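These notes are about the structure you will find just below.
The values are calculated or read from the model by the stated rules, or taken from the named source; none is laboratory data. This is a predicted model, so every value here is computed, not measured. Virtual Cβ from ideal backbone geometry, glycine too; neighbours counted across all protein chains shown. Just so you know, the surface numbers come from the protein's heavy atoms only, side chains and all, with ligands and any DNA or RNA stripped out. Shrake-Rupley method; radii C 1.70, N 1.55, O 1.52, S 1.80 Å.
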Amino acid sequence: MTDWLQENVLWLIPAAPLLACLWIVLVGHVIRRQYAHRPLVIGLAVALVASLYLLTVVVPHGFGHEHEPSHSVVTTVYQWIQIGTIDIPVKLRADAMSALMLTMVTSVSLLVAIFASSYMKGDPGYPRFFAAMALFVFSMCMLVLAGNFLLLFVFWEAVGLCSYLLIGFWFHKPSAAAAAKKAFVVNRIGDFGFILAIFLIWQTFGTLDFQTLFESPQRIAEVLKSQPEMFHWICLLLFVGAVGKSAQFPLQVWLPDAMEGPTPVSALIHAATMVTAGVYLVARCTPFFVHAPQVQMIVAGIGAATALIAAITALTQYDLKRVLAYSTVSQLGYMFMALGAAGGGAELAVPAVTFAMFHMFTHAFFKAVLFLSAGSVMHAMGDVIDMRRFSGLRKALPITHWTFLAGALALAGVPLLSGFWSKDEILAVLAAASRGSEHGGFYSVILGIALLTSLMTAFYTFRAYFMTFWGDEKFPEEAGHHPHDAPPAMAGPLAILAGAALVVGLISGPTHLYAHYLHHTPGFPEGHEFPMDWLMMGVSSVLAIGGIGVAYLMYVRSPKTAENLKNRLPIPFLVSNEGLFIDWCGYKFIASPLRGFAKVCELFDRWVIDTLVDCVGFIPALFGSVLRPIQNGMVQNYAMVMMIGLLVCLITVLRALAVTTSGTM
Amino acid sequence: MTQVSEMTATALESQLIVGATLFVLGVIGFLTRRNLILIMLSAELMLHGVSINLTAFSRYHGNPQGQVFTIFVLTIAACEAGLGLSLILSLYQRRKSLDVLLWGKLGEDDLPVFTSPSNLPVQVPVDPNADYPHLSPSGRMPKTQPTTPTKT
Amino acid sequence: MEWTEENGLLLIPLGLGWLAVWLLMPSERKRPRILGGLAGLAAILIMQMMLLPPAGDLVRNALFFLFAAGSVISAALMITDRNPVYSALWFALVTLSVCGLFLLNSAPFLAAATIIVYAGAIIVTFLFVIMLAQQSGTIGNYDQQPLQPAMASLGAFILLGALLFTLQEWGHIGGPDASQHAMPGQFITVPVELQPNPLSQHPPDNPHEIGSLRVLGRSLFGDYLFAVELAGTVLLIATIGAIAIAPRRSQGTL
């Protein structure tokens, strides 16, 4: 009975959003367009309930401190490919990690869907928005539940497609269309690495099934014995895939531009769920990564670089959503730093992955609330998002103010809030890695970057907060005279998310609830209790409060300071504002040469290939020009030809006659 | 004519020569004249030449089959004249001219006209039915006006 | 084919005839038309001299030459006249001359029928059309500028030359045999499979009655009944076609 229920709950989770999507596309698109959000909300509610149920069944016996035997729920939905030894079913597999991830995805998307039902009201593409969003949630759930690498890849692509559809939701806006294209193209690079990794896994292990790969240590041991370098390549290529999807350096350029999409999309896809798929992939493949410590160092290095670059860029942005986007990139960098910390020693593997996943979990909530609050600000300000054009909104938008503050405090890492716990644990594991004998120096640098980034995070978050909600009350003219605060459908999800951002860390962080649950993921190495690092806690608290204080001084106390600093240091400001010119470099050194190459190809096509084709086409024309004068439409010409023919016949007959007569005579 | 005299091979030959000459003169008329009506008349002239041949052979061989065929030729000539004249009338109504060169254009209206070999000046009257449908020239895709995206 | 003197002689009337037709053709430039006329007459005379039978019925020969020369001259003038009305009238004269030849060939019924059909119906219709089309009476410039007259006549006269040579060859080789076979009043034996329908077999006609209506009618409605029916059908179809093609009254007559 329980097994039956487990297996059916498994397919119910992706099926509910898929049904919602089909219903909106087939029916909701035509009739009752203004209620197109209802199927999605219902579907997501069903999926959320199913996920919560799954959460309780995957780890059965009131999980305790001891490492339970591996357990995963598997169901095969459909036999997809079966050729010879290749056997790839559409197989759903849930374990502790996927259950946590699913809970996060469905809950955040349910809240975002409710928010969007009010936010998107009146848009001509209202049903299309919810259809794409339903498709996204379906794809994301399938991505999390995928039972083998190929299925994972399929939905990895599907979420990319939904991201493309939703970034380009206002496709008539050239910037949105360009941003969608950019996101899609940049993601292709990562996907290329990912599919190469899949090929390599297939070649090395002969299977793509998670259960076989991760839950059988002897198989991994065999390969480790025969071809240990293979793990490095597989992990490196998997990480390339993660870099593309999770917007890490150097492929982070697409995420800030993705803010062209509607704000709920930014909150859901580009902050809470899809971009964390890369983190999920690396975490999921922990059994591989533990055997490739060099790759883990690369992961940590890339994460640190991304976190630093994004944080520097976020310092000077004036676009509220862009600040949040760079912050997202920076926090994803944090997660990768944490994942990479496992390279510091075998005993760090489990805490590293756990804390990365935990940060992802808390980040989803507070970043979602930040984005949705930004959306609420946009909604009130008549779609103006430039922070220089409004200020002092705390009176006009009290609800939004409080929810944004909650999110900002959590993101900055103020003690006892969710960001504090997760970030602190990452710092702790990095500190542990830096104390390790091997690569200690490297991880010390990473730790330094992490601390610096932590300071900057607090600063730029509160810079945005103070610029938006403090100071003199100022509205842009687009907002009208009386900006209204979030309506109930928007305020409700905001409040819930803000509450989650405040308490979710406190509930599951210090109690190690999350960590212990995650330990039940099959295939995880044996873990140890990771001690609280009080030093790091203190340092990070000081940094967070210091960053907030600096921001307060610069933007509330004496607003001139920021302006003066900007004028005093124009070059660093420009470098920061332009995102270290990475976009510019990418355009100059990659896109432009490629464009030039495309131009050359186009010329080649036009002048060489087209000419060849035209030459082929010219041959009949040549024959035609020879024969055409005969067919000139003049009756007399035809008659003349007939007459000549008659003449020829006559002469031939005459000759024949002459021959026969001379023969007889 | 009740009195039938003998017909020699020489007499037959001279009759055939007359027939051939009429036929050839008809050919010349058909080939050179530009008047649609004269072209038809020349065709009738050729038929006359053939009829003379037929009757001459009929007389020579002393059986009526040649004359029977002449009657058929006569029938066909009548049909041809009726149809031809009605065609000429409708052609004339289109172009208000009997010039056969006006009808030598086989191509579409938007293709360059093939110049007649004789380079004779052709008076092309204004076509009153210029707007009847015709095929568009095929080839590369025509450049379309880029539609400006509507901003909302 | 051996080149005999007689063959060579034929070239003279042919060349003259070509010259005549070419000169007589309407043209924008002034051409010595009289010269053309003279050349044509000379060509006809030479031909007549070449064809002059050694002996024979004088009246008959004279009538034949009269009709033959009349038809050829009228035909030449018909194709060369710049005025289509005159051309049609010349064609009427050609028809009359041809009917004369029909009479000489003992085909009185045909002669009558041809006059009725051609002169009475076809030419009148042609004249109507010409008059409808050229109500102003001016001659269109297309009637004054023939298409390549020299080349077309040259080709046509080469054709005539070939025909005449064929006739001459026939006269030399096949002529005697043919005259043996086909003595006046004798029927050429037709192979059985080529014979007309045996059901309508009838005794050989009296050679003196070849052109008579009785013989003609029997042949038409006996041996060629099917063909006659077909010809009638063709006439009917042509009538329907002419009515269908002719401009509607709604489109305006001319």
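Is it the case, given these coordinates, that A:Y334 is in a helix (DSSP H, G or I), open to solvent by 10 Å² or more (accessible area, probe 1.4 Å) and of a type in the set (S, T, Y)? When the stated conditions are applied, A:Y334 does not pass them.
When A:I220, A:I269, A:I234 are checked against the criterion of being touching a residue at least 12 places away in the same chain (Cβ under 8 Å), within 19 Å of A:V323 (Cβ to Cβ) and part of a helix (DSSP H, G or I), A:I269 stands alone in meeting it. Taken together, A:P510, A:P493 contain a single residue that is in a loop (DSSP other than H, G, I, E, B) and in contact (Cβ under 8 Å) with a residue 40 or more places away in the chain, which is A:P510. Looking at region C:193-216, is at least one residue over 30 Å from B:F30 (Cα atoms), modelled with pLDDT of 80 or more, facing chain B (nearest Cβ under 10 Å) and open to solvent by less than 90 Å² (accessible area, probe 1.4 Å)? Yes, the conditions are met somewhere in region C:193-216.
Among the residues making up region C:217-241, a single one is within 9 Å of chain B (Cβ to nearest Cβ), over 14 Å from B:F69 (Cβ atoms) and at pLDDT below 90: C:R218.
The residues of region C:69-93 that are facing chain B (nearest Cβ under 10 Å) and among the aromatic types (F, W, Y), listed by number, are C:W90, C:F91.
Among the residues of region C:28-38, those identified as more than 11 Å from chain B (Cβ to nearest Cβ) and over 21 Å from the mean Cα position of the chain (by Cα) are C:R29, C:K30, C:R31, C:P32, C:R33, C:I34, C:L35, C:G36, C:L38.
Of all the listed residues (A:A500, A:A489, A:A515, A:A479), the sole one being over 27 Å from the mean Cα position of the chain (by Cα) and surrounded by 14 or more Cβ atoms within 10 Å (Cβ to Cβ) is A:A479.
Filtering region B:86-105 to residues that are touching a residue at least 12 places away in the same chain (Cβ under 8 Å), under 12 Å from the mean Cα position of the chain (by Cα) and over 19 Å from C:Q145 (Cα atoms) leaves only B:I88. Listed conditions (1) facing another protein chain (nearest Cβ under 7 Å); (2) within 21 Å of C:L89 (Cβ to Cβ); (3) touching a residue at least 40 places away in the same chain (Cβ under 8 Å); (4) surrounded by fewer than 24 Cβ atoms within 10 Å (Cβ to Cβ) are all met by B:G82, apart from (3). Scanning region C:122-153 for residues that are part of a helix (DSSP H, G or I), among the hydrophobic types (A, V, I, L, M, F, W, C) and either in contact (Cβ under 8 Å) with a residue 24 or more places away in the chain or facing chain B (nearest Cβ under 7 Å) (or both) turns up C:I122, C:I123, C:F126, C:L127, C:V129, C:I130, C:M131, C:L132, C:A133, C:A150, C:A152. Using the structure shown, decide if A:L502 is among the aliphatic types (A, V, I, L, M) and free of Cβ contacts under 8 Å to residues at least 12 places away in the same chain. No, not satisfied. Of everything listed in (1) within 14 Å of chain B (Cβ to nearest Cβ); (2) open to solvent by 50 Å² or more (accessible area, probe 1.4 Å), the single unmet condition for A:L622 is (1). Selection within region A:138-193: residues that are within 14 Å of chain B (Cβ to nearest Cβ) and either free of Cβ contacts under 8 Å to residues at least 60 places away in the same chain or of a type in the set (K, R) (or both). The member of this set that is most open to solvent (accessible area, probe 1.4 Å) is A:F171.
Counted as qualifying within region A:340-439 are the helices (runs of 4 or more DSSP H) with 1 or more residues that are open to solvent by 10 Å² or more (accessible area, probe 1.4 Å) and under 20 Å from A:S266 (Cα atoms), namely A:349-380, A:398-412.
B:D99 meets the conditions (1) of a type in the set (D, E); (2) open to solvent by 10 Å² or more (accessible area, probe 1.4 Å); (3) within 7 Å of chain C (Cβ to nearest Cβ) in every case but one. The failed one is (2).
Counting only helices (runs of 4 or more DSSP H) that fall entirely inside region A:518-626 and contain at least 3 residues that are without any contact (Cβ under 8 Å) to a residue 60 or more places away in the chain, the qualifying elements are A:534-552, A:560-568, A:570-577, A:592-603. Between C:L96, C:L45, C:L41, C:L66, the distinction of being more than 10 Å from chain B (Cβ to nearest Cβ), open to solvent by 50 Å² or more (accessible area, probe 1.4 Å) and under 12 Å from the mean Cα position of the chain (by Cα) belongs to C:L96 only.
C:S106 - would you say it is touching a Lys or Arg at 6+ places or on another chain (Cβ under 9 Å), more than 18 Å from B:I37 (Cβ to Cβ), polar (S, T, N, Q) and facing another protein chain (nearest Cβ under 10 Å)? So C:S106 fits the description; yes. Among the residues of region A:440-453, count how many are surrounded by fewer than 19 Cβ atoms within 10 Å (Cβ to Cβ) and either at pLDDT 85 or above or not assigned by TED's automatic domain parsing to the domain that holds A:F530 (or both). Residues that pass the stated criteria total 5.
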